Amino acid sequence: AYLVGSAYVEWLVEKEGRGGQVLTELWARMTAREARGFPEAFTGVFGAPPDDLYGRFMVEVTDRALAVRREIEEAGGVAEGDLFQRLTWTPGEPAVSPDGERIALVLSSQEGPSRLVVISSRPDTVPTEEREHLAEILRKDPQDVAPVRRLPRAQEAEATLWPDFGHPYGRPRWLPDGKGILVTRDVAVGNEQLRPELFLWEWETGQIRQITHDEAIREGDPAPDGTWAAGLRCLGGRCDIVRVELGSGAVTTLARSDLLSPYSQPRVSPDGTTIVAARQVEGVWRIVAMEADGSRERLPGPDDGAARFGAAFLPPGGDLVLTSTRGGIANLEILDLATGEARPLTRSLGAAVAPTPASNGDVFFLSLHSRGWDLRRIRADQAAGILPHVDAGLSPAAQAGPEEAPTFPTGTLEPARAYGPGPRLRSWLPMASFAQEGHSGGLVLSSTDPIGRLTWQLKGIAGDEGAWRGGSFDLLWRGSRPRVLLEGFLADGPLPREAGAAALEGYRELTKGYYGGLAALEMSRVRDRGSLELRLGGAAGRLEEANRTLGFASLELAARQSPGRGFLGQSVHLEGATGSTGGLDWTRWLATGSLEVGGPSSTLFVSGTLGRVDAPAESVEGFQVGGTEPLLLDPGILSQRVAMPALPPDFLRGAEVATARVELRSVELGNLFFWAGNAANDGEGWYRMVGTEISADAHPLPYLRIPSVIFRTGSAYLLDNPHRGAWRWWLSLGWRP
């Protein structure tokens, strides 16, 4: 659809004969003060509705396509072997096992995730049961007609490798023993970045082992002894050929690329002495060959302006099969490494790419059709004869020739300078809280830079009695390890108070709420299979006209597994704080554990929290369950507040606290939960509810000027007195650096 749409736009511009000005006029009509829909704006520029002109475009393209077909038929007709598997969408490059018995390739679809499969290289036959079933149908109804079978049967996968942590595996290459397959997958490396790494998949047992770490290996082709592989590493704008030791994962650079001349698709010869790859040379992909140590690089093959890439060694290793654009259409060629001569292997109407030879002389490859790519097979000794030179004027049915690129003015670059805090990007964002403590709303002025090195926020919020009110200023510096967070605040609302104080004294002034400052250090490390986050900080201020100082620390550990199409996650969050409030010395700890298990459509999440403080339950430092998360303050300052928006602030109080939550997250049903909480010695026992909630704790997107967001909205049905049978709803939106 994208290619056809692009060709339609080019056809429109060519038809009008005024260059890109017509597209500017179309945009001007669509964005004018006079309200117009797209069809009306389009008709005013091109003189006819878009669907009418699209019909004319399709007729002209079809006519050009028939002209291309006639040229190919005059040259000897289509030569693209036999159809092995009808595929759709965009499969990955196939790889044939050393014994020629199996094929590994990535299958994808518009509906589900990609998966890497191992299938037989032998055509599938109709099972006896199916033949007998068809014979029985025709016996019972002799006037019925047996189905015509022109397409090969779909192969059943002998093994399947599903994505891990949402990232599919690809680029399969068989080890010489046929038991292992080298594959690549994107891996989380921290700071929300992904990097491809090399893995070994033992397809018969299902075992998967990561070979490289933090090396950005996009693909690897094993040597014949199975101890090392030629890999492609892309880092810092360069794509180099490297040697990867498959046992240790050690990486050594063999051939370093230039910024404008990258490598791609390295392959090792059957005798292990030569590496071939594709490389951009003066803007054209060409085949290069080098010794196994990266020395003596050379350019075999003709220098005729055609792009050549995707080379693979034909047994026993003297010739290459590759993709070439000679003639204007991507076809397979056989290249003699010794003489540099190239001969066509296919003559296709679409495109033939990603050849992979088998030991018996067959070559499997991908063939382009209107709905994706098919897997086809052709004999390596087949001769396609001459290739017609398809006129570039028949584009888009034929490949258009290169156009003269526009020149750009040149100038002197400014001297390099340190990034520092970076350029400022500012945004205004709303804050809101609607829950049992009342309603409030406000704004956040957030300033950051494109990579989020320095972020500051100025927050202000006003609302009802008991709701969050006040202001704060946060500054987060990510330019060091650990990160540094500074915060100053002046706030009132559902703060921790002594038992009964809020009811007796009613509305509070901000100066009688909580004001002070915080400083904290933060470190985190994120990987596919787990993450770690550590915080250490302290705060000082006045809470309810009493001096309050504290220090706090927290540690969060998470682990993730991804068996098959499901996943399993565990996490532990430990938090401790100690301080003094109005002469009362206290120490508090909280521990939260969670277990998450799910699949593509649903997830079961179970969590529990336990906490204890050595302060009186009726004091400010006793646990108080209920209310929303702090919108103005860092949650580490008020660890005695256990948020539950369906309940009023300090609904449950105690020196010990326990909560449990079971949540079902389903594509069909939404997010349903059961929650229970208990504060020891409050005389109330466990309080329970069921409900539904949508929540988001998103990481910042600095280049879009979006800081970290905390969003909660939901409703709950209370199961215990004094509010049994009542419905409660809430909405909370806040931002942190």
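The values are calculated or read from the model by the stated rules, or taken from the named source; none is laboratory data. Treat the numbers as computed from the prediction; the structure is a model and nothing was measured. Positions of Cβ are backbone-derived with ideal geometry, glycine not excepted, and every protein chain shown enters the neighbour counts. For accessibility, only protein heavy atoms count, side chains too; no ligands or nucleic acids. Shrake-Rupley method; radii C 1.70, N 1.55, O 1.52, S 1.80 Å.
So here's what we get for this one:
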| item | result |
| --- | --- |
| The lone exception for E202 - which of (1) in contact with a Ser or Thr (Cβ under 9 Å, 6 or more places away or on another chain); (2) closer than 22 Å to G166 by Cα it fails | (1) |
| Every pair of residues 6+ apart whose Cβ atoms lie under 6 Å, when the first sits in region 28-43 and is free of Cβ contacts under 8 Å to residues at least 12 places away in the same chain while the second is among the β-branched types (V, I, T) and open to solvent by less than 70 Å² (accessible area, probe 1.4 Å) | none |
| Those residues of region 689-702 which are surrounded by fewer than 16 Cβ atoms within 10 Å (Cβ to Cβ) and not hydroxyl-bearing (S, T, Y), in sequence order | V690, I694, A696, D697, A698, H699, L701 |
| Neighbours by Cβ (under 7 Å, 6+ apart or cross-chain): first from region 591-608, within 14 Å of H573 (Cβ to Cβ); second aromatic (F, W, Y) and surrounded by 14 or more Cβ atoms within 10 Å (Cβ to Cβ) | S594/F605; E596/F605 |
| Check on Y687, more than 23 Å from L518 (Cβ to Cβ), touching a strand residue (DSSP E or B) at 6+ places or on another chain (Cβ under 7 Å) and among the hydroxyl-bearing types (S, T, Y) | yes |
| Region 352-383, residues that are over 16 Å from L107 (Cβ atoms), assigned to a loop (DSSP other than H, G, I, E, B) and open to solvent by 10 Å² or more (accessible area, probe 1.4 Å) | S359, N360, G361, S370, A380, D381, Q382, A383 |
| Verdict on F46 being open to solvent by 50 Å² or more (accessible area, probe 1.4 Å), among the aromatic types (F, W, Y) and without any contact (Cβ under 8 Å) to a residue 60 or more places away in the chain | no |
| Checklist (1) under 30 Å from G564 (Cα atoms); (2) open to solvent by 50 Å² or more (accessible area, probe 1.4 Å); (3) modelled with pLDDT of 90 or more applied to E656, failing item | (1) |
| Selection count, region 443-468, where residues are touching a strand residue (DSSP E or B) at 6+ places or on another chain (Cβ under 6 Å) and open to solvent by less than 20 Å² (accessible area, probe 1.4 Å) | 10 |
| Residues that are buried (at least 20 other Cβ atoms within 10 Å of the Cβ) and of a type in the set (D, E, K, R), drawn from region 170-185 | R171, R173, R185 |
| Residue match in region 497-506 (condition: closer than 29 Å to G460 by Cα, at pLDDT below 95 and among the acidic types (D, E)) | yes |
| Out of V9, V22, sole residue that is under 30 Å from G372 (Cβ atoms), open to solvent by less than 80 Å² (accessible area, probe 1.4 Å), of a type in the set (V, I, T) and assigned to a helix (DSSP H, G or I) | V9 |
| Any hit, region 97-106, residues being open to solvent by less than 30 Å² (accessible area, probe 1.4 Å), among the polar types (S, T, N, Q) and either within 39 Å of the chain's Cα centre (by Cα) or farther than 30 Å from R343 by Cα (or both) | yes |
| Flag if D374 is free of Cβ contacts under 8 Å to residues at least 40 places away in the same chain and out of contact with any helix residue (DSSP H, G or I) (no Cβ under 7 Å at 6 or more places or on another chain) | no |
| Of the criteria (1) open to solvent by 50 Å² or more (accessible area, probe 1.4 Å); (2) touching a Pro at 6+ places or on another chain (Cβ under 9 Å); (3) not basic (K, R), which one T31 fails | (2) |
| Within region 502-614, strands (runs of 3 or more DSSP E) holding 3 or more residues that are open to solvent by less than 20 Å² (accessible area, probe 1.4 Å) and under 20 Å from I637 (Cα atoms) | 514-527, 530-543, 546-561, 567-581 |
| Identity of the residue in region 148-169, open to solvent by 40 Å² or more (accessible area, probe 1.4 Å) and under 17 Å from S562 (Cα atoms), that ends up modelled with the highest pLDDT | T160 |
